[in-house]
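Following: one structure in structure tokens, then a few remarks.
The values are calculated or read from the model by the stated rules, or taken from the named source; none is laboratory data. All figures in this text were calculated on a predicted structure; none of them were measured in a lab. Cβ atoms come from the backbone with ideal geometry, glycine included; neighbour counts cover every protein chain shown. For accessibility, only protein heavy atoms count, side chains too; no ligands or nucleic acids. Shrake-Rupley method; radii C 1.70, N 1.55, O 1.52, S 1.80 Å.
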Amino acid sequence: MTDRSWLAVGLATGPADRSEAEEAVRTAYRRAGLTGPERFEWHGSPRAGAVAAARLAAGADGGQAGRSVRGDVRTRPWAAARAALASRLGPRGWAEHWTATGARTWQLLIDRLVTPIRTRLDADLAETADTIGMALLDAVQGQHDAAWLPAFEGVVELEGLAGVARTAGWWWPYERVAILTERPVALHRDNLGRLHHGDGPALSYPDGWSMHAWRGMPIPPDVVVRLPSLTAHEIRAETNAEMRRVMVEYFGYERYLRETGAKKVHEDEYGTLWRADIPGDEPLVMVQVLNSTPEPDGTRRTYFLRVPPDTRTAREAVAWTFGLIPEEYAPQLQT
Amino acid sequence: MIGGILGASVGWSGCGTVACMYRQGDVLIIPVNESELPAGLVPAPRDRGRMVLAYGEATGHAHVATGEGLTLLCLPDDLETMFLRVRSYGRVSHEEHAPVPLPAGYYRVVRQREYEPGAIRYVAD
């Protein structure tokens, strides 16, 4: 499988293939020299899985489940495979191999998805028992293990983990019980892979557990509901600065500039700089630029880009968007 | 696609004997000396064999580099810091923009960004 098809595994939505997943769990146990779980327990989300795992860890079943065997089925075979490959390829070879295979999936699945999910679970479950926090550490990430699996294609010791990744969500291995969970029913991301949706949850699971987010920033569900009917007045009245930023962005910077009477600050051959004050917050400063490539009818599209509030000229603004100072920004060819 | 205007439509002001700075939509390609390259660069991850400088938002469009002996490089722990090594000649293509020619040399690839209080967001066309 290519890193691209592993990415599809990591982003997959829809019901788990329970029989395939259970078979893969047995394989993982067998590869680790364990006899395998006597019982499988399925739950509808990582949250429900963590709660169930915490109950087992607290001895809710009278200790029947046994200890967590995450180290045996996940950590040890992964560490062995990594060490073997790194010693065969050498440090530079390993860096090249990882960059070509796992770096992108790791960024998109762990940094953009798993980390926000864990942050949310930590917050959700903070008020419950400490054992839940511990249970989160015992999770194996199922489909999200697709973050690193592409770097270890064909390693037989990892075939059980890979099998669960292709068929189910997060899971928790104990000596005699395996807790497995479903994959999301819906997942929406922006162009950078961050959780992002303006019409319902960005991530939701079959048991109803969900996360609302706008460009990776968690937002309360009631704010999402209000987004489509916002007015500039309501945005100005919002007291929470983070929510106000989400609102302005959804509303549209250009429209906000227009409806709040923005001032033209500067104009040069690079574009036009606009500024609108936002009560209690830093001003909205945007550069308006023209597309270099004309549309089929000969007109050129206009764009607005938000720049730091202390920007003084249009050229400085455009240069900033490319990380340059105005004197450095001088493209000879633009298409 | 976004940006300042130097020429009438597709802007070309020439650059004589000095290496050129090129822009294609939301990507800026800046010539650098070999000595300015950071240590530890490796070939960047490929997408179905393509060397992609940046992706578009929803269209699936992409800025793609091709050319004889051309390599897209990045840091193993920072995929967004990208450089191009062009041995003889290369070009950067995009579905909505005219292609950009690349003479031999080294280039830094800069993705256009937008200010976001507390964060920076990359632009995609």
Can you go through A:60, A:86, A:32 and tell me which one is touching a Lys or Arg at 6+ places or on another chain (Cβ under 9 Å) and either of a type outside the set (Lys, Arg) or at pLDDT below 95 (or both)? A:32
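Only residues that are polar (S, T, N, Q) and farther than 21 Å from residue A:31 by Cβ: list them for region A:42-86, please.
Once the filter is applied, which keeps residues that are polar (S, T, N, Q) and farther than 21 Å from residue A:31 by Cβ, region A:42-86 yields A:45, A:64.
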Any hit, region A:271-278, residues being free of Cβ contacts under 8 Å to residues at least 40 places away in the same chain and touching a Leu at 6+ places or on another chain (Cβ under 6 Å): yes
Among the residues of region B:53-93, how many are free of Cβ contacts under 8 Å to residues at least 12 places away in the same chain, assigned to a strand (DSSP E or B) and open to solvent by 60 Å² or more (accessible area, probe 1.4 Å)? 0
Checking the conditions here, which among A:267, A:316 is more than 10 Å from chain B (Cβ to nearest Cβ) and either crowded, with 16+ Cβ neighbours inside 10 Å or in a helix (DSSP H, G or I) (or both)? A:316
If I filter region A:279-294 down to residues being surrounded by fewer than 18 Cβ atoms within 10 Å (Cβ to Cβ) and within 32 Å of the chain's Cα centre (by Cα), which single residue comes out as nearest to the other protein chains (Cβ to nearest Cβ)? A:282
If I go through region A:241-255 residue by residue, how many of them are closer than 15 Å to residue A:307 by Cα and either in contact with a Gly (Cβ under 7 Å, 6 or more places away or on another chain) or crowded, with 16+ Cβ neighbours inside 10 Å (or both)? 4
Whether any residue in region A:86-96 is away from every other protein chain (no Cβ under 14 Å) and not acidic (Asp, Glu) is what I want to check. yes
Would you confirm whether or not region B:96-109 contains a residue that is more than 7 Å from chain A (Cβ to nearest Cβ) and among the basic types (Lys, Arg)? yes
Within region A:1-44, residues more than 26 Å from the chain's Cα centre (by Cα), part of a loop (DSSP other than H, G, I, E, B) and acidic (Asp, Glu) come out as A:38
Among the candidates A:129, A:147, residue that is at pLDDT below 90 and either more than 22 Å from the chain's Cα centre (by Cα) or within 19 Å of residue A:12 (Cα to Cα) (or both): A:129
Could you list all residues from region A:220-237 that are charged (D, E, K, R), within 13 Å of residue A:251 (Cα to Cα) and without any contact (Cβ under 8 Å) to a residue 24 or more places away in the chain? A:226, A:234
